[in-house]
């Protein structure tokens with residue numbers, strides 16, 4: 001009889017513990033709302049990150065075009081194309097102004113020398 005009682009008491013104790021453990025694992029509505037808010041915030045952050053990366057890709061493409069234009073000009077005038085590519089990509093507007101100035105001087109020199 002004592003053995004049955006011990007077995008019954010153990011079974012009741014384990015049942016109560018299992019019930020409490022399953023109850024503790026079930027999220028309540030405040031936890032669910034908090035998780036939904038966190039997911040919404042992560043979606044917003046991801047969208048912002050995508051927009052920011054899109055802007056940076058466009059800016060990088062424009063810088064590449066500046067460098068390519070300067071390199072093409074340098075090749076056509078017998079100058080170092082790699083140097084002018086990197087100058088154009090890094091200091092785009094300043095390099096473009098210098099390039100236009102050099103091109104103007106080259107044209108004047110060709111006009112004076114050719115006449």
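Readers should treat all values here as calculations from the given coordinates under stated rules, not as data from a laboratory. As the structure is a prediction and not an experimental result, all values here were calculated from the model. Glycine gets a Cβ as well: all are built from the backbone with ideal geometry, and neighbour counts include every protein chain shown.
Observations on the structure shown:
- Yes/no for residue 30 being in a helix (DSSP H, G or I) and surrounded by fewer than 10 Cβ atoms within 10 Å (Cβ to Cβ): yes
- For region 80-105, filtering for residues that are in a helix (DSSP H, G or I) and exposed (fewer than 14 other Cβ atoms within 10 Å of the Cβ) leaves 11.
- Residues of region 35-79 that turn out to be over 30 Å from residue 102 (Cβ atoms) and surrounded by fewer than 11 Cβ atoms within 10 Å (Cβ to Cβ), as a count: 22
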